[in-house]
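Below: one structure, written as structure tokens.
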Amino acid sequence: MVERVLNEAKPTAVCTTLEHVRKLPAAAGEMAIVCEDDSSHQEDGLSSSSQDEAEWETLWERYSNGWAEKGEEPNRVSLDDLAFVVYSSGTTGQPKGIANPHRAPAVSYEWRFRTLSDYGPGDVVACNVFFVWECLRPLMRGGTVLPVPADDIFDGERLTSQIERFNVTEILFTPSLLENMLLTVDLKDVRSRLKTVRQIYLNGEVVSLALRKKVIDSLAEVRLLNLYSISECHEVAALDLTASDLDLSSSDKFCPVGYPSTPCYIVDEECQPLPFGEAGELFVGGEMLARGYLNLPELTATRFVPDPFLTKRESDESSRPPMMYRTGDRARFLPNGQLEILGRCDFMVKIRGYSVVLGAVETALVDHVKLSSCVVVADGEEGSEDKQLIAYLVRDHNNKEGDTRLADWNIDTRNGACPEIRRSIDGHVAHYMVPSVYIEVESLPVAAVGAKLDRKALQAQTKDRRAMMRSLQLNWLGSS
């Protein structure tokens, strides 16, 4: 992946350490800048040589003059010039460079500091999942950043120990990661080790009402924020899920993400606006949009499209024409004007001609069966009669008073049938939305990149199971 990114981005330099320089592709050797900390600053305190001071003065003078040489006109940078390129695999699995102008992070950071949370000395922010964005904000305001190694973020015991050791005050999880931590670490240890944590951000996936309740029951003193942000448009909306005036009266499956911070449009397949309450695809406009994908003009043209709802006069002061980004997410506006994300548009499937929203099936299962979490996938060729829904289930082993959900259920391992579960959700979803096959797992897989639910791993399990069932059927036919 590194080689592909370097070939596409063609950077002028690569900053790395001696430990990692040998791992770079051969072509990157000439551009490598090796940064090593010899700890000399610890021996000398804050003292520096006159040569160091002269170098800093020269650099500051060049910076102040827009990096122009003496006698040259300063290089003027506009808010719409390229600031940085961040690579994200998104939902495609293929890395693509998202080119962001200076305007996007400037507007984003100002909105975050003013609306959600500011930082200062004493704040310790643990960063991993979306590191580029997570690490810069605290450093800009005098806070401390704790980089969390990739191996630790997926290990609940090690992660919670790190949080306790460094007195972390804020951390961001994907819902899948947080669910996994609460599932694998004893609740007493979670509460003890996270005693300094004041805020938890959830980002990257939809947040179910069930997960919100689980977090609040486990960490009653923590402020829980549901953040909807996208690499291509920065923050879109955020909502404090622990606020005393939180209104969930219109939400039956997922937690809303709050009032949009930027123009948002929910449209039908003809790109026509839908009324409040109706679900459609979400498009996002405004000042925080990226310029597009690096060296991918065709993909840029399909995802970044002209904004027909906003005229140039109504838009910002940008020199760019008003654009909007096609998120690929299903969403709706609630009656109070807040935005609710319902999942990916491609998570709606057809089963024997019926449209099925997989998230609705998952919600029904968690609501009526004693599960910690679950995922439903569609298996089989599109349009075929044998296409079916498969549910992956994680049991809830907590014994809570008043929990009336179905706890006594068993799956027939020969065919994946479970009559008890079918009966428990019968009437709560349409008959064609009831899964045909149930598979119990200890936990749901989380992808190494992005830390979201790894649906490809589930698809592989489904394929393996289908091959096994086919083998069993052939053996049975051969013996009969």
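The values are calculated or read from the model by the stated rules, or taken from the named source; none is laboratory data. The structure displayed is predicted, hence computed values, not measured ones. Every residue, glycine as well, gets a Cβ built from its backbone with ideal geometry; the counts of neighbours run over all protein chains shown.
When we screen Ser355, Ser372 for residues that are in contact with a helix residue (DSSP H, G or I) (Cβ under 8 Å, 6 or more places away or on another chain), assigned to a strand (DSSP E or B) and small (Gly, Ala, Ser), the only hit is Ser372. Among the residues making up region 193-221, none is among the small types (Gly, Ala, Ser), over 21 Å from Lys253 (Cβ atoms) and either touching a strand residue (DSSP E or B) at 6+ places or on another chain (Cβ under 6 Å) or buried (at least 21 other Cβ atoms within 10 Å of the Cβ) (or both). Taken over region 126-185, residues that are exposed (fewer than 15 other Cβ atoms within 10 Å of the Cβ), in contact with a strand residue (DSSP E or B) (Cβ under 9 Å, 6 or more places away or on another chain) and within 14 Å of Thr196 (Cα to Cα) amount to 2. Residue count for region 181-199 under the criterion of being under 29 Å from Cys374 (Cβ atoms), assigned to a loop (DSSP other than H, G, I, E, B) and touching a residue at least 24 places away in the same chain (Cβ under 8 Å): the result is 3.
For region 58-91, the set of residues classified as in a loop (DSSP other than H, G, I, E, B), hydrophobic (A, V, I, L, M, F, W, C) and closer than 20 Å to Glu232 by Cβ consists of Leu79 only. Considering only residues in region 208-248 that are of a type in the set (Gly, Ala, Ser) and not in a strand (DSSP E or B), the one that is farthest from Asn180 (Cα to Cα) turns out to be Ser244. Of the numbered criteria (1) of a type in the set (S, T, N, Q); (2) touching a residue at least 24 places away in the same chain (Cβ under 8 Å); (3) closer than 25 Å to Ser208 by Cα, the one Thr302 fails is (3). Within region 277-321, the set of residues being surrounded by 19 or more Cβ atoms within 10 Å (Cβ to Cβ) and at pLDDT below 90 is empty.
Residues of region 215-232 that are hydrophobic (A, V, I, L, M, F, W, C) and within 13 Å of the chain's Cα centre (by Cα): Leu227, Ile230.
From the residues in region 385-426 that are among the hydroxyl-bearing types (Ser, Thr, Tyr) and surrounded by fewer than 18 Cβ atoms within 10 Å (Cβ to Cβ), which one is modelled with the lowest pLDDT?
If we filter region 385-426 for residues that are among the hydroxyl-bearing types (Ser, Thr, Tyr), which is where we start, we get 392, 404, 413, 424.
Then keep just the ones that are surrounded by fewer than 18 Cβ atoms within 10 Å (Cβ to Cβ); that gives 404, 413.
Values: Thr404: 92, Thr413: 84.
Checked region 385-426; the qualifying residue modelled with the lowest pLDDT is Thr413.
The condition of being charged (D, E, K, R) and more than 18 Å from Val257 (Cβ to Cβ) holds for only one of Arg212, Arg165, that being Arg165. For region 287-299, taking the residues that are in contact (Cβ under 8 Å) with a residue 40 or more places away in the chain and outside any loop (DSSP other than H, G, I, E, B), the one that is farthest from the chain's Cα centre (by Cα) is identified as Leu299.
Scanning region 250-286 for residues that are closer than 20 Å to Leu225 by Cβ and either free of Cβ contacts under 8 Å to residues at least 60 places away in the same chain or in a loop (DSSP other than H, G, I, E, B) (or both) yields Ser250, Ser251, Lys253, Cys255, Pro256, Val257, Tyr259, Ser261, Thr262, Leu282, Val284. Taking every residue in region 164-180 that is outside the structural domain of Ser373 (by TED's automatic domain parsing) and pairing it with any residue that is part of a loop (DSSP other than H, G, I, E, B) and among the basic types (Lys, Arg), at least 6 positions away or on another chain, the pairs with Cβ-Cβ distances below 6 Å are Thr169/Arg198; Thr174/Lys452; Ser176/Lys452.
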